[in-house]
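K.L.:
If you scroll down you'll find the structure; I have some questions about it.
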Amino acid sequence: MKREKPHTIDLDMGTAQGCGTGASTRAGAAWVPKWSEASSVRYSCRLTRAVSWSFEAKAGTEAWVERFARLLKLDRAEAVCARRVYFTLLPPFDWLGNAKSPEALELMCDPAGRFSVRFTSIRIYANTDMAICHLRRIHNDYRDFIAMWGCLRFLCFSFANTGALSLHGALIRNGGSAVAVLGGSGTENSGICRRVRPPWRPLSDDGLFVAPTNDGYSAFPLPTWSDLIARGLDKQWDIRTGTPLTTVYFLEQNPSTSVAAYGKRQTAAALTTSAAYYSSLDSGTGAIRSEHNKLLYKSASAMARNIPGFHLKLAPTGPVPLSQRQEEEKRVERRGRRERKSEERRGKENFRGGPF
């Protein structure tokens, strides 16, 4: 059987076809779909005040949605969140997954804004408030996990306008706070997690979702899809539980280990690169990619103003020096005090030598 490519994304923001005069929309009015209450299974997830969603299953998708909810440790709920995600099966005999269901056609007629995202095992049609996810009728573990991966990536992408970022890297907790260790392809984030020692505890090693809160930023673990797809492990990730994020490390493999502070601009640029890598927005028009990257950089710049970034050069063996951050912060603080004192002395000298 020919394997599908999981990384392909096709973002279409053009005018939807099939919008007849019978569409349930009108300018200036809140759009309510006719089928919005016809869900048999509902799971809710609320990460922050601005980031929440409901998974709602229509006929034939209940088992798939329950499996997805179990993976993320979601509980059944009656409450409806701000963003609703409906799951339904692709129309019969649609082997290529190009057809739209009546629900999707109705959703795409919403004049308030609509777009579609095409992954290999799932088709997503959405507006600013809700989404319809078409699942293939032929199921296996590989296709199911690829579809879940695509759905979660879409959700993380859709909350980008709230200042949240999806980052490629590891989330490691120590007590009531956590650090992120970010790296690109081939940086062995999973190997880093195996090398950390208590009281540090890895929560995820492939991705994390970071969202702003009233007190700073909270980080939420995302699944390691290679553990599920390639290794067949039965694992769960508690996406509901956020941990305050205090530091971000940008990982580089190196013969020797060292830690150096990044400036705010360096941190923002590196965060943008990590977020763009995880989003994998590698198709669609150049204008769409440009707007998406601008949004990522805006969110990354805000995050860099609140969370310090460090360049972590790590040797192939030995401990992971996550605790060295405090020493580096002390050095940066001492250097800042020296610079402030030097400026004060220069100000006093200029005052004494002035015209008065």
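The values are calculated or read from the model by the stated rules, or taken from the named source; none is laboratory data. Computed from a predicted model, the values in this text were never measured in an experiment. Here the Cβ positions follow ideal geometry from the backbone for every residue, glycine too, while neighbour counts run over all protein chains shown. With ligands, DNA and RNA removed, areas are computed over all heavy atoms of the protein, side chains included. Shrake-Rupley method; radii C 1.70, N 1.55, O 1.52, S 1.80 Å.
K.L.:
Tally up the carbon and sulfur contribution to the accessible surface of the range 201-278 as a whole percent, 1.4 Å probe, everything protein left in place.
P.N.:
On the way: 1650 of 3440 Å².
Carbon plus sulfur share of accessible area: 48 percent.
K.L.:
While we're here: Would you mind working out the accessible area per residue for the range 134-271, using a 1.4 Å probe, and quoting it in Å²?
P.N.:
40 Å²
K.L.:
What are the residues whose amide H is under 5 Å from the amide H of residue 213, where those residues sit 5 or more places off or on another chain and H is modelled from the backbone?
P.N.:
Amide H neighbours of residue 213: 218.
K.L.:
Moving to a separate point now. Taking K and R as +1 and D and E as -1, what net charge do the other residues with C-beta under 13 Å from the C-beta of residue 44 add up to?
P.N.:
Spelling it out: positives minus negatives among the neighbours equals +4.
K.L.:
Please give me the summed charge of the neighbours of residue 73: other residues whose Cβ is under 15 Å from its Cβ, Lys and Arg +1, Asp and Glu -1.
P.N.:
Values: positive: 46, 67, 70, 76, 235, 240; negative: 66, 75, 234, 238.
That works out to +2.
K.L.:
Also, I was wondering about something else. What ³J(HN,Hα) values, in whole Hz, does the Karplus curve 6.51 cos²θ - 1.76 cosθ + 1.60 give for the range 236-245 when θ = phi - 60°, with x put for Gly and Pro?
P.N.:
Each residue's phi maps through the Karplus curve to give 9, 10, 7, 6, 6, 8, x, 10, x, 9 Hz.
K.L.:
What is the extension gain from residue 344 to residue 195, computed as 0.36 nm multiplied by their sequence separation minus the C-alpha to C-alpha distance, in nm to one decimal?
P.N.:
Fully extending the segment from residue 344 to residue 195 adds 49.1 nm.
K.L.:
Would you kindly give the portion of the calculated P(r) for the range 173-271 that falls above 19 Å, as a percent of all Cα pairs?
P.N.:
Percent of Cα pairs beyond 19 Å in the range 173-271: 48.
K.L.:
Spelling out what I want: for every residue of the range 270-276, take phi, set θ = phi - 60°, compute 6.51 cos²θ - 1.76 cosθ + 1.60 (Karplus), and round to whole Hz; glycine and proline get x.
P.N.:
5, 5, 4, 4, 5, 5, 5
K.L.:
On alpha carbon coordinates alone, what is the Rg over Rh value for the range 224-275, Rh being the Kirkwood radius? If you can, show how the numbers build up before the last one.
P.N.:
Numbers: Rg = 15.8 Å, Rh = 14.6 Å.
Value, to two decimals: 1.08.
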